[in-house]
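Beneath this line is the structure, given in structure tokens, with notes to follow.
The values are calculated or read from the model by the stated rules, or taken from the named source; none is laboratory data. Keep in mind it's a predicted model, so treat the numbers as computed, not measured. Cβ placement follows ideal geometry from the backbone for every residue including glycine, while neighbour counts extend to all protein chains displayed. Side chains are part of the model used for accessible areas, which takes the heavy atoms of the whole protein and leaves out ligands, DNA and RNA. Shrake-Rupley method; radii C 1.70, N 1.55, O 1.52, S 1.80 Å.
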Amino acid sequence: MKRLLALAAAAFISLPLTPAVALGGSPGAPGAGDPYFPDQGNGGYDAGHYDLALDYDPSSNVLTGVAAVTARATQALSRFDLDLVATLSVRSVTVDGRAAAFTRSGSELIVTPAATLASGRTFSVVVRYDGRPTYVLDPDGSRDGWIRTGDGVFNANEPQGAMTWYPGNHHMTDKATYRFAVTVPSTRVAVANGDLVSRTTAGGRTTYVWDAREPMASYLATVTIGKFRLTDTRVGGYRVITAVDPKLADKATDFAERHAPVLDYFSSLFGPYPFSSTGGIVDHAPNVGYALETQTRPIYPVAPSDSLLAHELAHQWFGDSVTPTLWRDIWLNEGFATYAEWLWLEKIGSRTVQTSFDGVYAKPADDEFWQTPTADPGDAAGLFHDPVYDRGAATLHVLRRTVGDEAFFTILRTWASEHRYGNADTAAFVALAERVSGKRLGPLFDAWLFQPGKPAL
Ligand SMILES: [Zn+2]
């Protein structure tokens with residue numbers, strides 16, 4: 001177990017931290033070093049803020065964008081990459097207001113500033129681009145990114161979709177704050193993450209401005225567009241902003257009101273809700289096939305069930321505020337959110353956590369399900385397979401039964417607070433669980449997270 005994790009850490013840090021030896025600086029790495037998506041993200045800088053001005057016409061699918069990215073050089077930087085699909089045309093790039101040279105290579109937009117950027121320097125890169133965005137097909141056959149619907153766009157970006165609509169440092173280790181100004185025909189609504197700041201109409205077009213004030217991984221960003229009914233209310237202690245497709249209005253009548261009880265319960269277990277607003281987007285997108293925990297405002301392709309709503313809201317702590325460092329650690333998102341579903345179903349009297357666990361553990365030992373080690377599903381095609389969710393949740397339940405409720409929930413709360421708005425990996429979780437419980441948990445985690453086969457109880 002420790003050997004595997006040590007290798008993962010070494011593989012991760014070796015690429016982006018290439019020392020700047022040349023006087024003129026050196027190019028930033030083209031990827032963040034994630035073995036599942038080697039080209040995703042970039043080295044040499046740390047993005048701090050994205051200011052995205054997007055103009056979109058749903059009938060032609062033409063997107064015109066100006067992306068201003070504020071970043072800090074982490075090495076003397078002669079050149080750096082942003083991730084953007086080749087199907088979008090880049091019209092110009094400036095760095096600190098001066099024209100910069102750029103080329104394209106696959107989904108890398110390679111920018112050469114007029115002068116080398118000193119290590120530690122904060123700079124602003126502005127990219128003007130346009131085109132007709134589309135989704136990417138993921139290794140598991142699902143679509144993510146800019147997914148057109150009958151009235152606009154269903155925009156969910158895990159794991160690769162962010163590069164389909166804006167240039168950025170699209171690995172989850174580089175979190176940033178965001179401001180979105182999205183202009184659409186006034187018959188449409190543009191919904192993004194964070195707080196709705198303003199809505200201005202002129203000439204039949206409306207600009208929606210959204211501020212996401214807490215750091216966000218780019219796979220959790222969304223700009224979803226459609227004929228939505230938008231509500232912005234206070235429920236309990238929360239600012240709840242919801243967007244519901246009128247086609248689903250009768251199935252989502254109490255959608256806004258359903259958030260506060262779930263968030264209150266999870267706050268009592270996991271610590272304070274991490275973001276300044278909450279809510280969700282219910283879009284009519286029956287062919288998408290999944291919901292996503294887009295930060296502050298999950299997106300659903302149908303009206304969500306109680307368990308799905310709880311799952312996506314639990315992700316706000318586990319996945320959104322605390323984010324993995326590598327995609328192979330995705331059980332830290334999905335196992336935790338699935339366990340939170342089990343907790344919520346018990347809370348509302350639907351079924352006990354133990355019954356949920358027993359349902360998973362009942363799978364026979366020769367079932368394919370037990371062959372995937374939870375903490376490394378093998379490759380990008382296995383990211384969202386059942387073991388990541390259900391075996392991940394079962395791992396937490398076995399941990400809880402081993403250390404007791406008090407230590408278990410202290411572990412979850414400490415995880416959420418120590419890594420709030422940051423990134424952390426499986427090794428950090430194992431170390432925390434051992435530290436809080438005072439128990440040696442190596443054999444438990446090894447059997448449940450790292451070895452194929454059905455663990456004994
Ligand atoms: Zn999930």
### Message
At 37 °C and a viscosity of 0.692 mPa s, what translational diffusion coefficient does Stokes-Einstein give for segment 303-443, taking Rh as the Kirkwood radius over Cα pairs? Give it in µm²/s as a whole number.
### Response
214
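Check every DSSP H run in the chain and write down those whose alpha carbon atoms cover 15 angstrom or more along the long axis and whose mean Kyte-Doolittle hydropathy is -1.0 or greater.
2-14, 259-270, 331-347, 392-403, 405-418, 426-437
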## Note on the structure
Quick tally, 1.4 Å probe accessible area for Arg132, Arg258, sorted with the most first, runs Arg132, Arg258
### Message
Less than 19 Å apart at the alpha-carbon level, and either on another chain or at least 8 residues along: which aspartates and glutamates does that give for Lys439?
### Response
Asp405, Glu406
### Task
Return a whole-number percent for the relative contact order of the chain, with Cα pairs under 8 Å and 6 or more residues apart as the contact set.
11
### Query
How many percent of the accessible area of segment 261-362 is carbon or sulfur, using a 1.4 Å probe?
53
### Query
How big is the Cα convex hull of the chain in projection, averaged over all directions, in nm²?
21.3
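Express the accessible area of the chain per residue in Å², computed with a 1.4 Å probe while the remaining protein chains stay in the model.
With the other protein chains kept in place, the chain gives 37 Å² per residue.
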### Summary
Accessible-area order for Leu441, Leu308, Leu457, largest to smallest, probe 1.4 angstrom, reads Leu457, Leu308, Leu441
## Note on the structure
From highest to lowest solvent-accessible area (probe 1.4 Å; ligands, DNA and RNA excluded), Ile225, Ile110 read Ile110, Ile225
### Query
For Asp366 and Thr87, what does the FRET efficiency come to when R0 = 51 Å and r is the distance between their Cβ atoms, rounded to the nearest 0.05?
0.70
### Total formal charge among the other residues, if their Cβ is under 9 angstrom from that of Ala380, Lys/Arg +1 and Asp/Glu -1
-3
